[in-house]
Amino acid sequence: PTPPTASEYSLPPNTYKEPINPHLHANLVHPRAPVRVSAPPLVNVSVTPTQLTGKGGWVNVTWSGVLYRKEIDWIGMFCVPEETSVVLRAPVEFKLAAGSSGGIPPPSGEVSFYVHNWRSSCLFGYVTGSAAYPLVLGLSSRVTFDNYNIPTGIHIAIAPHDPSAIIVHWTQLKVNTKSPPSVKWWPTSDPKAVAVSVATAVTYNTSNFCDVNYMPAARDGYFAPGYQLNATLHNLIPSAEYSYQAGDEFGGWSAIQTFFGPLKRGHTRTRIAAFGDMGNAPVDGGGQFSFDFNQRGELPAPNTTRAILEEVVSSTPPDIVLHIGDISYAVGYGAEWDQFMSQIEPVAARVPWMTGIGNHEYGFSKSFIPSQDSGGECAVPYLARFPFSTLDASVEWSKQSPWYSFDVGAVHVTVMSTEHDFTSKSDQYKWIEKDLASVNRSVTPWILFAGHRPMYVLSGWDGDGQFAEYLRNEIESLLIEYRIDLAIWGHFHAYERTCPVKNMTCADDGVVNIVMGMAGYELTTLIPPPAQWTPWLVSANQLQYGFVILDFEDDRSLHVTFRANDHSVLDDFVIKNKSYS
């Protein structure tokens, strides 16, 4: 890749400058992809231990003999195949040699990393030089794992076309045809009644990406994905507890996980944890490519995940999680998909983690809204890991339609893509209209509508309002006609709630809209003070991270709470079902 100029990194450490367009991320060049390796090495770098087991573990990296040192010197973790050089490969993670205090680093020192088992050995390098031309002064020996084929990133989903089925998804390095990857599952109350569901497998490589000549997904950010597997578990008893393991005899089986069979469709209390724009951050406090928090990832994201896990193990757990766009924020740096899947696995392995596509999964030069927002991924890693979220997962990546619907308990959920054509003559518009018209409200009395970019948003940047108007002109009439109970959105990194609104005016037959892009990405500062709010904006918060609990208590009442990551309630209101009004 063409090295960036020094001016691209002129901001001092730990500062953040809000761009004119807060959603424009033009610079996708990792400032820490080495351009050369010193031969012979000029610095001694060592790591202990050199072998780990299971899903990962801590290592200590030491260095010595650094004669000429700079404030920007850093230690990088490179997880690349043994025959592959670290040159022009972005590190999976990095830490400043001087530590968080900054300054000139010592000539010798030590730092700790957590190394995940992501199908590859890893080595560590001491890197110096300018921001434009990083030079590796020395490399450690490799940290290896006893088994690279263990199942990782386990997550489950409701099968959109069979609300009594659960799909189990995971990642493995290889697929052994003599021992096909499968899910062993059984009612927790009857461990002898074991069933086996064989998985299907997909993978991808650099040829599947977009803008391959200048975006990182196919260049310095590429990280071999292994195989993405999924197996469907049919004929589940609603709300019954099941246990399962994913894997095969060749690579081994995952730890035993549990989930509850999907709620029976119909008149039953249904709870959904919903949010957008989460992302990921390294568990050891290291840095990685990200647009926010000075290249340290979405720092609040693990806290949000932990808070949702605390909801899951509470006396009133959510039945599903709904994550509406900007999923991992990998944006072309593929290891961050593994980081994200590891982060959410404690929740997603036991509660269906349903998703919608966002601009940071799909945006590329020829998308409906042209951008560089996916770093060249153009949805391929997303669709490989969440294949239920498209109407046609069996066709090639570029031809898939990543919008869909599903039922959970008393709720029909319709998920659109704001990243694809939704105008009145488009395939997506026709599908949305057909889907909403098909809902039998005597079976699922509630309709929840979801998409990434919001239909209503109060923002200091005109572009947010312009896109919202575009979306309203095309889609809002459908939401009114089919009496949608609630519409939820992400993209704008804050929380906002409207009154029941129609055509920018509060109305009894309007739809409540909630923007909930506050799960991890650095919060915006673009909400004006309350004196400048429009009449349709009821509540807003750009100071706290969290998620929303949608508690469909019965056929008539939906209780909505915006909860911070410490579980304090920041907004609390009730929506009455339009079918009974």
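Order the following by accessible area, largest value first: Thr390, Thr53. Probe radius 1.4 Å; ligands, DNA and RNA are ignored.
Working: Thr390 10, Thr53 90 Å².
My answer, sorted largest first, is Thr53, Thr390.
Over the stretch 393-540, with the other protein chains present, what is the accessible area per residue in square angstrom, probe 1.4 angstrom?
Working: 5280 Å² over 148 residues.
Each residue of the stretch 393-540 exposes 36 Å² on average to a 1.4 Å probe.
Using a 10 Å Cβ count of at most 10 others and DSSP loop calls, identify the longest part of the chain lacking such GluC sites (Glu not before Pro). Please report the intermediate quantities before stating the final value.
Working: sites that count: Glu82, Glu83, Glu396.
With a cap of 10 other Cβ atoms within 10 Å, the longest stretch comes to 84-395.
With r defined as the distance between the Cβ atoms of Ala39 and Thr144 and R0 fixed at 30 Å, what FRET efficiency is calculated, to the nearest 0.05?
On the way: r = 23 Å, r/R0 = 0.78.
The pair Ala39/Thr144 has a calculated efficiency of 0.80.
State in Å² the accessible area per residue of the stretch 296-354; use a 1.4 Å probe, count heavy atoms of protein chains only, and round to the nearest integer.
Details: 1350 Å² over 59 residues.
That works out to 23 Å² for each residue.
With labels modelled as points extended 7 Å from the Cα through the Cβ direction, what inter-label distance (nm, one decimal) is found for Ala193 paired with Ser557?
Distance between label points: 3.6 nm.
Have a look at Pro34, Thr206, Cys79 and report the one farthest towards the positive end of the charge dipole of the chain, computed about the Cα centre with Cβ charges (Lys/Arg +1, Asp/Glu -1).
Cys79
Order 184-192, 42-50 from most to least packed using the mean count of other Cβ atoms within 10 Å. Provide the component values of the computation, followed by the final result.
Working: 184-192: 14.0, 42-50: 16.7.
So the peptides 184-192, 42-50, ranked by packing, come out 42-50, 184-192.
Can you sort Leu558, Leu570 by solvent-accessible area, 1.4 Å probe, largest first?
Details: Leu558 0, Leu570 55 Å².
Per-residue accessible area, sorted high to low, gives Leu570, Leu558.
What Kirkwood radius, in Å to one decimal, follows from the Cα pairs of the stretch 426-581? All intermediate terms of the calculation are to be shown ahead of the outcome.
On the way: mean 1/r = 0.0622 Å⁻¹.
After inverting the mean inverse Cα-Cα distance, the result is 16.1 Å.
Could you tell me which of rounded, prolate or oblate describes the stretch 153-206, using a ≥ b ≥ c as the square roots of the eigenvalues of the alpha-carbon gyration tensor, with rounded for a/c under 1.5 and, failing that, prolate when a/b is larger than b/c and oblate otherwise? Walk me through the numbers before you get to the answer.
On the way: a/c = 2.46, a/b = 1.40, b/c = 1.75.
Since a/c reaches 1.5 but b/c is at least a/b, the shape of the stretch 153-206 is classed as oblate.
Could you pull out every one of the aspartates and glutamates with an alpha carbon less than 14 Å from that of Lys434, ignoring same-chain neighbours closer than 8 positions?
Glu481
For the stretch 58-151, what is the accessible area per residue in Å², given a 1.4 Å probe and the full set of protein chains?
Details: 3670 Å² over 94 residues.
Per residue, the stretch 58-151 has an accessible area of 39 Å².
Taking every DSSP beta bridge with both residues inside the stretch 222-379, roughly what % is antiparallel (nearest 5)? Write out the running numbers ahead of the final one.
Numbers: 6 of 14 bridges.
Once the DSSP bridges in the stretch 222-379 are tallied, antiparallel ones form about 45 percent.
Checking a compactness column here: for the stretch 350-409, what do you get for Rg(Cα) / (2.2 N^0.38 Å), N being the number of residues? Working shown, then result.
Numbers: Rg = 12.1 Å, N = 60, 2.2 N^0.38 = 10.4 Å.
For the stretch 350-409, the normalised Cα radius of gyration is 1.17.
Per residue Cα convex hull volume for the stretch 377-430, in cubic angstrom? It would help to have the intermediate numbers written out before the result.
Details: hull volume 4.9 nm³, N = 54.
Normalising the Cα hull of the stretch 377-430 by residue number yields 90 Å³.
For the chain, what does -39500 (n - 2.57) per DSSP helix run (n ≥ 4), summed and divided by total residues, give at 222 nm, in deg cm²/dmol to the nearest 500? Don't skip to the end; give the middle numbers.
Working: 7 runs with 62 residues, N = 581.
When only DSSP H runs of four or more count, the value is -3000 deg cm²/dmol.
Which log10 I(q)/I(0) values does the stretch 332-457 give at q = 0.09, 0.22 Å⁻¹ under the Debye formula, counting every alpha carbon as one identical point scatterer?
So the normalised log intensities are -0.28, -1.42.
If you take the square roots of the eigenvalues of the alpha-carbon gyration tensor of the stretch 165-319 and sort them as a ≥ b ≥ c, do you get rounded (a/c under 1.5), prolate (a/b over b/c) or oblate?
On the way: a/c = 2.21, a/b = 1.28, b/c = 1.72.
Judged from the Cα gyration tensor, the stretch 165-319 comes out oblate (a/c at least 1.5, b/c at or above a/b).
When mean projected area of the Cα convex hull in nm² is calculated directly from the model, which label among [x] 32.6; [y] 25.5; [z] 62.2 fits?
Answer by label: [y].
Using +1 at the Cβ of each Lys and Arg and -1 at the Cβ of each Asp and Glu in the chain, identify which of Leu436, Pro370, Phe289 lies farthest towards the dipole's positive end.
Phe289
Taking a threshold of 20 Å on the Cα-Cα distance, which of the pairs Lys399/Lys425; Lys174/Lys399; Lys399/Lys430; Lys430/Lys576; Lys502/Lys578 fall above it? Present the calculation step by step, with values, prior to reporting the outcome.
Numbers: Lys399/Lys425 18 Å; Lys174/Lys399 26 Å; Lys399/Lys430 17 Å; Lys430/Lys576 28 Å; Lys502/Lys578 14 Å.
Over 20 Å apart, Cα to Cα: Lys174/Lys399; Lys430/Lys576.
Taking R0 as 60 Å, what's the FRET efficiency between Thr258 and Asn503 from their Cβ-Cβ distance, rounded to 0.05? Walk me through the numbers before you get to the answer.
Details: r = 47 Å, r/R0 = 0.78.
Plugging the Cβ-Cβ distance into 1/(1 + (r/R0)^6) gives 0.80.
Hey, how many Å between the Cα centroid of the stretch 103-119 and the Cα centroid of the stretch 58-74?
Using only Cα atoms to place each centre, the spacing works out to 8 Å.
Out of every Cα-Cα pair in the stretch 31-135, what percent are more than 22 Å apart? Spell out each step's value before the answer.
Details: 1454 of 5460 pairs.
Here the tail beyond 22 Å accounts for 27 percent of pairs.
Calculate the length of the line joining the C-alpha centroid of the stretch 348-386 to that of the stretch 557-575, in whole Å.
Here the two parts' Cα centres lie 28 Å apart.
Quick one: with all protein chains in place, what share of the accessible area of the stretch 338-462 is carbon or sulfur, to the nearest percent (1.4 Å probe)?
Details: 1720 of 3550 Å².
Roughly 49 percent of what the probe reaches on the stretch 338-462 is carbon or sulfur.
When only alpha-carbon atoms are used, what values of Rg and Dmax, in angstrom, describe the stretch 330-376?
12.9, 37
When the accessible area of the stretch 143-279 is computed with all protein chains present and a 1.4 Å probe, what percentage of it is carbon and sulfur? Before the final figure, lay out the partial values.
On the way: 3080 of 5730 Å².
On the stretch 143-279, the fraction of accessible area on carbon and sulfur atoms equals 54 percent.
For the stretch 222-246 and the stretch 441-520, compute the distance between their C-alpha centroids and round to whole Å.
About 32 Å separates the Cα centre of the stretch 222-246 from the one of the stretch 441-520.
Specify which residue in the list Pro49, Gly463, Tyr382 is farthest towards the positive end of the charge dipole of the chain, using unit charges on the beta carbon of Lys, Arg (+1) and Asp, Glu (-1), about the Cα centre.
Projecting each Cα onto the dipole axis, the largest value belongs to Pro49.
For Thr48 and Glu433 in one chain, what is 0.36 nm times their gap in residues minus the Cα-Cα distance, to one decimal in nm?
On the way: separation 385, 0.36 × 385 = 138.60 nm, distance 5.88 nm.
Taking 0.36 nm per residue and subtracting the Cα distance, the gain is 132.7 nm.
The values are calculated or read from the model by the stated rules, or taken from the named source; none is laboratory data. Source: prediction; values computed, not measured. We place every Cβ from the backbone using ideal geometry, glycine too, and count neighbours over all the protein chains shown. Side chains are part of the model used for accessible areas, which takes the heavy atoms of the whole protein and leaves out ligands, DNA and RNA. Shrake-Rupley method; radii C 1.70, N 1.55, O 1.52, S 1.80 Å.
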